[in-house]
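Peer 1: Below is one structure. I have some questions about it.
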Amino acid sequence: MDKRYYLTTAIDYVNGAPHIGHAYEKILSDVIVRHYRQRLDDVYFLTGVDEHGIKIQKTAAEKGMTPQQMCDENSSKFKQAWKALDVDYDQFIRTTDKYHTEVVQRIFDKLLKQGDIYKNSYEGLYCPGCESFLNPKDLTEDGLCPIHHKKPELVSEENYFFKLSKYKDSLIKYIKENPSFIVPQFRANEVLNQLENLDDFSVSRAKESVEWGIPVLGDEDQVIYVWIDALSNYITALGWDVDKSSEKFDKYWSEVHHVIGKDILKFHCIYWGAILMALGLPLPKQLLVHGFININQEKMSKTLGNVIAPVDILNAWNLEKPDAFRYYMACAASSGKDGNYSDEDFKEKVNADLANSTGNLLNRTLSMLVKYFNGEIKSEFVVNSDLYKTALGKVQIVKNHFDNYEISEAGAEIMDLVNITNKYVTDNAPWTLAKEDKMTECGQVLVTVLNVMTVVCSLLYPFCPNIALDMASQLSFDLNTKLDDLNCNNIKPGKFIEKESIHPVFLRLDSELADKKK
Ligand code: ME8
């Protein structure tokens, strides 16, 4: 395992407030980052917003605002949402940040001077939703963009183009020789097919059609079109500059993992891959591609009016902490596949997993310890147990799932450990042991469960940081313990817990109460 980990998310368009799809990606990323922080000393987490382009220019005009005003307003909504969801990033980049725009201009200039970018007149079908020219072959039968279901605009203008043709073969070779470059792997085939049919791509727009962009140095009539601008954020954020690296870049670039949605894989694999090759920089270590979140099994769209803001979900369920929503989202889809959000399913899953299985297990075990032993651990209660092997085995399994970008699968394994432990309690019935006055055995069962719960709370931490902290505090367990140092030896003899300090770590979502609040 490498010592460092650099994770980036896609940077979101700020033509509106963040929606549940944006939240899904950021939560998934934060869960991954928190997991690797439990394994490594040096993890860097970058997120941010994409602020240029026609979509933003048009929306601002409709609202009677300048693009910059709208970017300022909406960017802070993204920051607020990530704060409410406990998305604990190290850096938040805005593509209007001066350090970014200046380096983007120099990148463009370098590529132009070395002949990777050339000027040409062009007529094509432009989809503002995609911020991209579409190939007529890719349109629906009705001539609409397959993603945004809108008719693309016929655009005819002078643009700068990037010579993708020059890098096509090297990209194909790279993808084929590096099977772990695109995760999950089934997405790699899609990209290889797309590469067969791709032409050079436009990297600028005429200022008369798009004003809101970074101007091309020395050609005032053109602005740099979104992808060179947006994709470069991953290196400008680290302080990289043309012909001048930076300490952060040298430290993190070789460990970069881009978390992105399936709709922008082409841009990250092909465009970004080619741009990096042209800049003489190594390609990203991995592209971690996630699917889309649907709402009640329907695609989320403004037209359908089913776009949900993540903060509204917290408010609707009266949740002070985001843990339940984080847990649900991170487990909403198996690796790379689409997932779904529905109120019913959300309530059912978090009540079952967090309140009933996990919360009750801890609560009743601690309560029994108080009832039977006045909260005291006697030295004869501390013995070895087969359950410890199972628990530490799960740590390895969960680590492997994270290494394979299988986050919901990792969540399922944690819940499996909780269920195994619940079964252990039922099978060993400590309440019967107490009734039969087998107090040492009863104490041993309780201590075994508490030791396993220290492992559970550590594994659960990336998904539910607040619940895990609460569990850790009731268990007197140090949550800073690295995963590789975990053992089942944390519950020590002596006075352990007072009755007053025992409380549920997660309250069931009460449908009636929640419905009333909605
Ligand atoms: O594409 N479910 O921005 P964006 C899951 N600015 N993920 C979703 C989703 C959904 N329903 N809808 C969108 C952009 N996403 C560019 C990125 S990166 C250099 C530039 C994901 O606001 C989408 O796949 O349209 C992408 O990864 C992210 O949200 C931002 O989408």
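Peer 1: Taking the Cα centre of the chain as the origin, how large is its charge dipole in debye, to the nearest 20, when only Lys and Arg (+1) and Asp and Glu (-1) carry charge on their Cβ atoms? Before the final figure, lay out the partial values.
Peer 2: Details: 59 positive and 75 negative charges, 162 e Å.
The dipole magnitude comes to about 780 debye.
Peer 1: Could you work out the equivalent-ellipsoid semi-axes for the stretch 4-290, taking the square root of 5 times each eigenvalue of the Cα gyration tensor, largest first, in whole Å? Kindly include the intermediate steps, with their values, before the conclusion.
Peer 2: Numbers: eigenvalues 144, 106, 81 Å².
Value: 27, 23, 20 Å, ordered largest first.
Peer 1: Enumerate cysteines in the chain without a disulfide-compatible partner, where compatibility requires another Cys Cβ under 4.7 angstrom.
Peer 2: So, CYS71, CYS269, CYS331, CYS442, CYS457, CYS464, CYS488.
Peer 1: Projecting each Cα onto the charge dipole of the stretch 1-119 (Lys/Arg +1, Asp/Glu -1 at the beta carbon, about the Cα centre), which of GLN69, ILE107, ALA84 comes out farthest on the positive side?
Peer 2: The residue sitting most towards the positive pole is ILE107.
Peer 1: Report the Stokes-Einstein translational diffusion coefficient (µm² s⁻¹, integer) for the stretch 268-328, Rh taken as the Kirkwood radius over Cα pairs, at 25 °C with viscosity 0.890 mPa s. Walk me through the numbers before you get to the answer.
Peer 2: On the way: Rh = 15.2 Å.
It comes out at roughly 161 µm²/s.
Peer 1: Ordered by packing density, taken as the mean number of other Cβ atoms within 10 Å over each peptide's residues, highest first, how do 379-390, 335-346 rank? Before the final figure, lay out the partial values.
Peer 2: Working: 379-390: 14.6, 335-346: 16.5.
The peptides rank, most packed first, as 335-346, 379-390.
Peer 1: So how much slack lies between LEU479 and LEU139, counting 0.36 nm per residue of separation and subtracting their Cα-Cα distance, in nm?
Peer 2: Result for the pair: 117.2 nm of gain on full extension.
Peer 1: Under a crude label model (7 Å from the Cα following the beta-carbon direction), how far is LEU304 from ASN193 in nanometres?
Peer 2: Result: 2.3 nm between the two label points.
Peer 1: Next up: Of the options PRO152, TRP317, PRO282, report the single residue whose Cα projects farthest towards the positive end of the charge dipole of the chain (beta-carbon charges: Lys, Arg +1; Asp, Glu -1).
Peer 2: Sorting the options by dipole projection puts first TRP317.
Peer 1: How tilted is helix 386-403 with respect to the longest principal axis of the chain? Cα atoms for both, answer in degrees (0 to 90, nearest 10).
Peer 2: 0 degrees
Peer 1: May I pose another question? Using a simple spin-label model with points 7 Å from Cα along the Cα→Cβ vector, what separation in nm is obtained for ASN489 and PHE186?
Peer 2: 4.4 nm
Peer 1: What would the Debye equation give as log₁₀ I(q)/I(0) for the chain at q = 0.07, 0.10 Å⁻¹, counting only Cα atoms as equal point scatterers?
Peer 2: For the chain, the Cα-only Debye profile gives -0.45, -0.83.
Peer 1: Sorted from fewest to most neighbouring beta carbons within 10 Å, what does the list VAL395, VAL350 look like?
Peer 2: Values: VAL395 19, VAL350 24.
The most exposed by this proxy come first: VAL395, VAL350.
Peer 1: Per residue, what volume in Å³ does the Cα convex hull of the stretch 401-445 take up?
Peer 2: Numbers: hull volume 2.7 nm³, N = 45.
Dividing the Cα hull volume of the stretch 401-445 by its residue count gives 60 Å³.
Peer 1: Another question about this same structure. Note the angle between two axes, namely the Cα long axis of helix 168-177 and the longest principal axis of the Cα atoms of the chain, as a number of degrees from 0 to 90, rounded to the nearest 10.
Peer 2: 20 degrees
Peer 1: What value, in deg cm²/dmol to 500, does the helix sum -39500 (n - 2.57) over DSSP H runs of n ≥ 4 give at 222 nm once divided by the residues of the chain? Please list the in-between numbers first.
Peer 2: Numbers: 20 runs with 229 residues, N = 518.
Per the formula, -13500 deg cm²/dmol.
Peer 1: Moving on. Translational D (Stokes-Einstein, µm²/s) of the stretch 342-514 at 4 °C and 1.567 mPa s when Rh comes from the Kirkwood sum over C-alpha pairs? Spell out each step's value before the answer.
Peer 2: Working: Rh = 16.5 Å.
Once the numbers are plugged in, D ends up at 78 µm²/s.
Peer 1: I'd like the orientation of helix 407-428 relative to the chain: the angle between its Cα long axis and the longest Cα principal axis, in ° from 0 to 90, rounded to 10.
Peer 2: On a 0 to 90 degree scale, this one is about 10.
Peer 1: Still on this model: Taking the highest mean first, how do the peptides 85-95, 63-73 order by number of other beta carbon atoms within 10 angstrom per residue? Before the final figure, lay out the partial values.
Peer 2: Details: 85-95: 19.2, 63-73: 15.4.
Packing order, densest peptide first, comes out as 85-95, 63-73.
Peer 1: Three principal axis extents, largest first, for the C-alpha atoms of the stretch 28-78, in Å?
Peer 2: Principal extents (largest minus smallest coordinate, Cα): 49, 17, 16 Å.
Throughout, read-outs are computed from the coordinates displayed, never taken from laboratory work. As the structure is a computational prediction, the values presented were derived from the model and not from experiment. Backbone-built Cβ (ideal geometry, glycine too); neighbour counts: all protein chains shown.
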